[in-house]
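The values are calculated or read from the model by the stated rules, or taken from the named source; none is laboratory data. Only a predicted model underlies this, so the values are computations on that prediction, with no experimental measurement involved. Every residue, glycine among them, receives a Cβ derived from its backbone with ideal geometry; neighbour counts consider all protein chains shown.
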Amino acid sequence: MSQCSLAIHIEPNAKRNEVLNVANGTLRLKIAVQSDDEKNDYGNEELISFLGQILGIANDRISILQGKNHRIKLLGIDGMDLGQVMEKLKPHMKA
């Protein structure tokens, strides 16, 4: 099964989950979770759940390859290519 990589920039502490845009090859998202300074995970579980819903795939097909403890992450998405991922994300992006 193929896997694509997707660079993500998280903005935690949002009122709701939102796909903002793509800037410099990085997808910007707002995630409605309080960033926990102790865990310092920037809403990893909420991020995976949100993207799983949009992409219509099981959460276990999305993995964090890099940046588990940072706002900038590299995700691996099993069974989809980047074009398919972007096509699913496009209707959710802010203008």
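When Ala32, Ala58 are screened for being small (Gly, Ala, Ser) and over 20 Å from Ser2 (Cα atoms), only Ala32 passes. Residue-level check: of (1) modelled with pLDDT of 95 or more; (2) under 17 Å from Cys4 (Cβ atoms), Leu82 misses just (1).
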